[in-house]
1. Let's see if you can work this out: charge +1 on each Lys and Arg Cβ, -1 on each Asp and Glu Cβ, no other charges. What is the dipole magnitude of the chain about its Cα centre, in debye to the nearest 20?
2. Can you tell me which of 2-9, 29-36 comes out highest on packing, and rank the rest after it, using the mean Cβ neighbours within 10 Å?
3. Check which residues have an amide H placed less than 5 Å from Asp4's amide H, if you skip close sequence neighbours.
4. Note the listed values [x] 1, 8, 17, 18, 16, 13, 10, 9, 5, 2, 0; [y] 2, 6, 4, 4, 4, 4, 4, 4, 4, 3, 3, 3, 3, 3, 3, 3, 3, 3, 3, 3, 2, 2, 2, 2, 2, 2, 2, 2, 2, 2, 2, 2, 1, 1, 1, 1, 1, 1, 0, 0; [z] 2, 7, 10, 10, 9, 8, 7, 6, 5, 4, 4, 4, 4, 4, 4, 4, 3, 2, 2, 1, 0, 0, then indicate which one is P(r) over Cα pairs in 5 Å bins from 0, in percent calculated from this particular structure.
5. With n ≥ 4 as the cut-off for DSSP H runs, can you work out [θ] at 222 nm for the chain, using -39500 (n - 2.57) per run divided by the number of residues, rounded to the nearest 500?
6. Could you please state how large a percent of the accessible area of the chain is carbon and sulfur, counting protein chains only and using a 1.4 Å probe?
7. Order of 42-50, 66-74 by packing, highest average Cβ count within 10 Å first?
8. What pairs in Lys9/Lys72; Lys110/Lys156; Lys123/Lys156 have C-alpha atoms more than 20 Å from each other?
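The values are calculated or read from the model by the stated rules, or taken from the named source; none is laboratory data. Model, not experiment: these values are computed from the prediction. Quick reminder, even Gly has a Cβ in these numbers, built from the backbone with ideal geometry, and neighbours come from all protein chains shown. Surface accessibility is based on the protein's heavy atoms, side chains included, excluding ligands, DNA and RNA. Shrake-Rupley method; radii C 1.70, N 1.55, O 1.52, S 1.80 Å.
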Amino acid sequence: MMLDVRGLKAPQPALMIIESLGKLKTGETLEVLGDKPFVDILPKLEEAGYGVKVEEVSGFFVLRVTKTEDSKELSMEVKECDDKLEEIGEDTNVAKLLKAYPESLKILVKYGFSPLENPTMRKTLARTITLKGAKKLLGMGDERFREMMTELKALKKS
């Protein structure tokens, strides 16, 4: 299995790697192409019992992760959020917003947050990012962000 995470910002590469590892069978290898040498995730992979090798190739880094019989399932360590959401603002955590207002998913997807359509990404990525962080990750313009925020704030009134 091959995965290209070049150009992606944290935590997306780690989330994608963890999700892909869950699909591997014992003895299979995931090859990941990235801009950086994967130093943050390497200890976690080794500790979980995966065979790991990193090499630099043509200015990029290739991470090879092999699932062994001893490999344990990995997950991102994130805090569970409660249903209470006092105010919807740019510093609102996306997972907290989705939990308090499930109908906000349609609005977020409409404005380009399409990874949230995937239930796994909703459980992982959404917990690690705020609306402002997602705006930056997507390269969303200020005017479009204001439009989205207006729609999201209208949920609170209904």
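1. 500
2. Listed from highest to lowest mean packing, they are 29-36, 2-9.
3. Under 5 Å from the amide H of Asp4: Leu33.
4. [x]
5. Estimated from H runs of four or more residues: -10500 deg cm²/dmol.
6. Working: 4840 of 9590 Å².
Carbon and sulfur together cover 50 percent of it.
7. Values: 42-50: 15.4, 66-74: 13.3.
In descending order of packing, they fall as 42-50, 66-74.
8. Too far apart for the 20 Å limit: Lys9/Lys72; Lys123/Lys156.
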